[in-house]
Amino acid sequence: MMMADIWKKRVRELELGADVYHEVNDFFLDIEKSKKLEYREGQHTMALTVADALKEKQILLIEAQVGIGKSYAYLIPLVYSFKKNPKIRGAVIATSTIALQEQLMRDIAKVAEMLNIDDFEAVLVKGKNNYVCEKRVHEFLQEVVDPSYQYILEKIEQEKGHALDRDDFLTLPDSIWKKINVKNCLARACPYYVNCHFSLQKEEDVSRKVVVTNQDYLAQHLKMGHDSSLLKDTSVLIVDEAHNLEEKARNSYTEMVDKRKIEGALYHLYNSVTFGEEEFYPDVETISLLNRFFVKLRNSAKQSLMRYLDVDSYQDCDRVMIKCSPTMKKEIDTLISKLRMAIKFADQVSRQYEGLSPNRRAVDVIEQFCKLLKDLLKGDKATNLYWVKFLDKDGKYVQLNYVPKETSKLLAGSLSRIAGSVVLTSATLSAGDDYQYYADSIGLNQVMGRKVFREFPIASPYDYANQVLLYTPTDITNPKLDRQRFLNDVVYRIRDLFSLTEGRSLVLFTSRSDMNYVYEHLGLENFDYPIYVQSDNVDTKKLRENFENNIHSCLLATGTFFEGIDIKGESLSSVIIPRLPFPIVDPVVDFKAKKYQDGFREVYLPEMMIKLRQATGRLIRSCTDKGIVSILDPRFMEYNESYNQLLTDNLPFTSMTSDMDDVKEFVQKTLRKK
């Protein structure tokens, strides 16, 4: 029986009113009997679990490891539910990457076609950063005065009424795209709102549809609560790659302030009460105190960076801890007084003239800044977490960022308000087969009035024992003891591994500075295949394509390449992880760790273990893939012994060695076997 016949049989049964759970079960049993289609037991199990969650309106937490086919495992019961239950108002599926969103759209269309459902509709809604902003394009063209970029504006003019996104400007490097995409949308206050490419896709009616979007967009709507146009008609919410949800939710609550914003508000305030020939300007001392405050923030952040051996670049950490010295605290108190005096002065002046009033927005900005400064002075008792972000690679310009401490409680409240089912899934949710850390991080222990069900992690069907060798050398310098020697050791070992596998390697770094050092010292002239490196000037999609299409090439990367890269076949035969991906000590992680007696074990270790599983999961993407996972950081074996094999138990690999001769033998017998 072919796939289409199986689905048509299921449709007939649906029309007779069969239960969704049994329909899903019968569908997979038919696949197993057909022997013409690939049956996956783990996919079958997950689909039944999701079907039950949809029926019971549960919050479901389910880890489906690599190879399960989790997309179909939740799409099949979802489509059945739409067909059977007219009360389902709509569904939202949110994931991390554009590539996965586009793949989901193709999968949904295929499932709908097989079920012969004509009225089943799915829409793709991307996040704002994926759309071009006409206002920012005009500003960019005025700034660069380069006619070669004029085609961007011409394309916008030609495509009026159509939403243009990143895919329409693939030749632009990421560094340029970031200057012309939607950033801080002014909505109807923008002069280009009528033809706004972001607004065009936002106005879609989502009732009785499946909306596929990204987690940033979802997080903004979770924050809106009952005012969300996306979630008000949603009966089902599915979050794929859900391990990112905590960070996305926190980002939605994060605010920033910099010197220019406050200085600008002061000038707007004084200008608003200028009358006739008399002009008012901010007090010199106030501006001086404001400047000193941000200079001291910068200096404090630089001192924090110097304390961490893992970081030597301003680009390596987005959240740098700050500490207010006694002198700084006194100056902050004085600054608060000066700012409040400025507001009082503007109010007094405005009372002297009829029709004159202080700029309300400027007053709000200054008052909010004063509240932040007062909260900052409270230290550990502050309502918010505060950190500095460097805006340039030289560390000259900074902004103060802040977020409520208990974002997990806020997220818990948002999830509690969703009336229907919530499915949270990923290949990496657990740390040592335990969901507890993840559940606590997103507030599932604080969700009120909802049943939260945790399905035991569904193991990968791949034969890791024969497909993968885990290489964990112990003769490399500990990076905490001597970073320079560690990097030099890493360079030599990576050269050896490249030579063994004839390239075909992905090297995943935890910092750009480490990556750039290794790239500069590898000796590119020694290799007869390309060595690619991630940079702001190279489009990540193009970089991934070059790596995949050139079989013997190697790629050095950070960040996004730890997940979301899916390369099957011999183009990727080796994943190398120089340093264990521990989170950098920042205010968020520090706050979480301080809740426990052993913060390292309860926070830092689970964070690292989840990230490590994401990185090692890049290697085996099909049942025929084979290769080596190399973890060069000697601390892996040290921590593994200290914590009763916790690290090795966290990974699916059973073949492991610290001997380079074993690696050579594996390459000869497995990778070069004809």
Margin query: Using the Karplus curve 6.51 cos²θ - 1.76 cosθ + 1.60 with θ = phi - 60°, what ³J(HN,Hα) values do you get for each residue of segment 462-470, in whole Hz, with x for Gly and Pro?
Written below: 6, 8, 4, 4, 9, 8, 9, 10, 8
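Ranking request for peptides 426-436, 541-551: highest mean number of other beta-carbon atoms within 10 Å first, then the rest in descending order.
Working: 426-436: 19.9, 541-551: 15.7.
Descending packing order for the listed peptides: 426-436, 541-551.
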Checklist line | Whole-number percent relative contact order across the chain, with pairs defined as alpha carbons under 8 Å at least 6 apart | finding: 16 percent
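For the chain, what is the percent of antiparallel DSSP beta bridges, rounded to the nearest 5?
Values: 14 of 62 bridges.
So the antiparallel bridges amount to about 25 percent of the total.
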Item checked: Helix 259-272 vs. the chain, principal-axis angle (Cα, 0 to 90°, nearest 10) -> 40 degrees
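Could you list, in their original order, any pairs among K135/K179; K330/K374; K70/K451; K296/K592; K338/K371 whose Cα atoms are separated by more than 19 Å? Display every interim value, and only then the final one.
Details: K135/K179 11 Å; K330/K374 11 Å; K70/K451 22 Å; K296/K592 26 Å; K338/K371 14 Å.
In this structure, K70/K451; K296/K592 exceed 19 Å between Cα atoms.
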Check: Taking H as built 1.01 Å from N, whose amide H comes closer than 5 Å to the amide H of S630, not counting residues under 5 places away?
Finding: Y471, V575, I576, I577
Item checked: Degrees between helix 407-417 axis and first principal axis of the chain (Cα, 0 to 90, nearest 10) -> 70 degrees
Notebook entry, point to check: Which aspartates and glutamates does K611 reach when only Cα atoms under 13 Å apart count, and residues fewer than 8 places away in its own chain are ignored?
Noted result: E241, E563
Notebook entry, point to check: From the phi of every residue in segment 95-105, what ³J(HN,Hα) in whole Hz does the Karplus formula 6.51 cos²θ - 1.76 cosθ + 1.60 yield, where θ is phi - 60° and glycine or proline is x?
Noted result: 9, 8, 10, 4, 4, 6, 4, 5, 5, 4, 4
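Past 22 Å, Cα to Cα: identify those pairs from K128/K232; K126/K396; K87/K209, in the order given.
Details: K128/K232 20 Å; K126/K396 33 Å; K87/K209 12 Å.
The answer is K126/K396.
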Item checked: Under 5 Å, built H, 5+ apart or other chain: amide partners of S235 -> R89, G90, A91
Checklist line | lysines whose Cα lies under 18 Å from that of K626, excluding same-chain neighbours fewer than 8 positions away | finding: K568, K664, K669, K673, K674
Checklist line | Amide H partners (placed H, <5 Å) of F453, local residues excluded | finding: I59, L60, L61
Next item on the list: Would you calculate the volume per residue, in Å³, of the smallest convex hull containing every Cα atom of the chain?
Entry: 191 Å³
Notebook entry, point to check: Rounded to two decimals, what is Rg over Rh for segment 475-615 when you use alpha-carbon atoms and the Kirkwood radius?
Noted result: 1.00
Notebook entry, point to check: Tell me, what is the per residue accessible area of segment 432-564 in Å², probe radius 1.4 Å?
Noted result: 45 Å²
Item checked: Tilt relative to the chain, helix 512-521 - C-alpha long axis, 0 to 90 degrees, to 10 -> 60 degrees
Notebook entry, point to check: Packing-wise, with mean Cβ within 10 Å as the measure, how do 533-540, 514-521 rank, highest first?
Noted result: 514-521, 533-540
Check: Short version: ³J(HN,Hα) in whole Hz for each residue of segment 426-441, in order, from phi by Karplus 6.51 cos²θ - 1.76 cosθ + 1.60 (θ = phi - 60°), x for Gly and Pro, what are they?
Finding: 5, 7, 9, 10, 9, 10, x, 6, 10, 7, 4, 4, 5, 4, 5, 5
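The values are calculated or read from the model by the stated rules, or taken from the named source; none is laboratory data. Computed from a predicted model, the values in this text were never measured in an experiment. Backbone-built Cβ (ideal geometry, glycine too); neighbour counts: all protein chains shown. Remember, those area values only see protein heavy atoms, side chains included, never the ligands or the DNA or RNA. Shrake-Rupley method; radii C 1.70, N 1.55, O 1.52, S 1.80 Å.
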